[in-house]
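For reference, the structure discussed in these notes is given below.
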Amino acid sequence: QVQSVESGGGLVQPGGSLRLSCAVAGIIFSSYTIGWYRQAPGKQREYVAQILSSGSTLYADTVEGRFTISRDNAKNTVYLQMNSLRPEDTAVYYCKPVGRGTWGQGTQVTVSS
């Protein structure tokens, strides 16, 4: 069973930073593209970033240049470093292997002064 567990969210002021973590079990982790997604109140879940098995990365335009996705295959973990946070980044953040598994609980990120 594929399972993703997100952590690291919290309350941060605009302009601040947070680092999210996502531990994934149930797959050959190093072989999969892992994606980060988010869902703001009243909105649909949206794509944020993904990291391929090769280590190549892709980002949504809304976070390009502010967020950095990385992976540690030895720990079966993907990270999302979020800098220059804005109120519109407020959402529940989820991670999942692309095309596999179900959504986890997510981790809440709130950007507010």
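The values are calculated or read from the model by the stated rules, or taken from the named source; none is laboratory data. This structure is a prediction, so every number in the text was calculated from the model and none was measured. Note that each Cβ is placed from the backbone with ideal geometry, even for glycine, and that neighbours are counted across all protein chains shown. All accessible areas refer to the heavy atoms of the entire protein, side chains included, with ligands and DNA or RNA removed. Shrake-Rupley method; radii C 1.70, N 1.55, O 1.52, S 1.80 Å.
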Query raised in the report: Scanning for something outside any strand (DSSP E or B), open to solvent by less than 60 Å² (accessible area, probe 1.4 Å), at positive phi and touching a Lys or Arg at 6+ places or on another chain (Cβ under 7 Å), does segment 75-90 turn up at least one residue?
Result: no
Query raised in the report: Does segment 52-74 hold any residues that are among the β-branched types (Val, Ile, Thr) and crowded, with 17+ Cβ neighbours inside 10 Å, and which are they?
Result: 63, 69
**Report entry** Search result, residues across segment 46-60 that are part of a loop (DSSP other than H, G, I, E, B) and over 19 Å from residue 32 (Cβ atoms)
**Finding:** 60
Report summary line: When segment 61-74 is checked residue by residue, the ones that are of a type in the set (A, V, I, L, M, F, W, C) and either over 25 Å from residue 27 (Cα atoms) or part of a strand (DSSP E or B) (or both) are 63, 67, 69
Query raised in the report: Which is aliphatic (A, V, I, L, M) and at pLDDT 95 or above, of 98, 78?
Result: 78
Query raised in the report: Yes or no: residue 54 in contact with a strand residue (DSSP E or B) (Cβ under 8 Å, 6 or more places away or on another chain) and at pLDDT 95 or above?
Result: no
